[in-house]
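Structure first, then comments.
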Amino acid sequence: MTRQNSTELICAYLNAFNRSDCDGMLRLLSQDVAHDINQGERQIGRDKFRWFNAVMSEHYSEELGDIVVMVNEDGRHGAAEFTVRGRYLKTVEGLPRAVGQSYSLAAGIFFEIDDGMITRVSTSYNLQDWIRQVRGDA
């Protein structure tokens, strides 16, 4: 894949995220996609990715802005840096109580791409910053 094609693929993924279009995101992922959850485990496969997104959408309403996409020369590795603007809708066990708090958080995703499909999605953000914001400490 070219650098341009990979850039377009990553942008399509992020745009699908912003539309809350899980099926649109899934169409861009390989069957055995590796999904590295921030400060969590690696999950393999589209089905686990679909399940993860369903759970996340119950708890959070998010949109990505200030997006910058970077792709290496051969198009096999890419990254996106962005600001997550969201609302905490439903309490997650082990995290602060949800009462509709708003937050704004710098985050990023690293991607691997092979044969026109995303084969790895690794998300990174500062969980402690998020906790401070939803607790009202920020």
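Residue count for the range 128-138, restricted to those that are at pLDDT below 95 and open to solvent by less than 80 Å² (accessible area, probe 1.4 Å): 1.
Condition check ((1) within 14 Å of Ile109 (Cα to Cα); (2) surrounded by 14 or more Cβ atoms within 10 Å (Cβ to Cβ)) across all residues:
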residue: Thr2; (1), (2): no, no
residue: Thr7; (1), (2): yes, yes
residue: Ser20; (1), (2): no, no
residue: Ala34; (1), (2): yes, yes
residue: Gln39; (1), (2): yes, no
residue: Trp51; (1), (2): no, no
residue: Ala54; (1), (2): no, no
residue: Ala80; (1), (2): yes, yes
residue: Val84; (1), (2): yes, yes
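From (1) of a type outside the set (D, E, K, R); (2) under 16 Å from Ile37 (Cα atoms); (3) open to solvent by 60 Å² or more (accessible area, probe 1.4 Å); (4) within 13 Å of the chain's Cα centre (by Cα), pick out the condition that doesn't hold for Ile67. Condition (2) is where Ile67 drops out.
Number of residues in the range 77-103 that are more than 20 Å from Val55 (Cα to Cα) and of a type outside the set (D, E, K, R): the value is 6.
The values are calculated or read from the model by the stated rules, or taken from the named source; none is laboratory data. Since this is a predicted model, take the numbers as computed values, not measurements. For neighbour counting, all protein chains shown are included, and Cβ atoms are generated from backbone atoms with ideal geometry for every residue, glycine included. When the accessible area is computed, the model is the full protein with side chains, heavy atoms only, and any ligands, DNA or RNA have been set aside. Shrake-Rupley method; radii C 1.70, N 1.55, O 1.52, S 1.80 Å.
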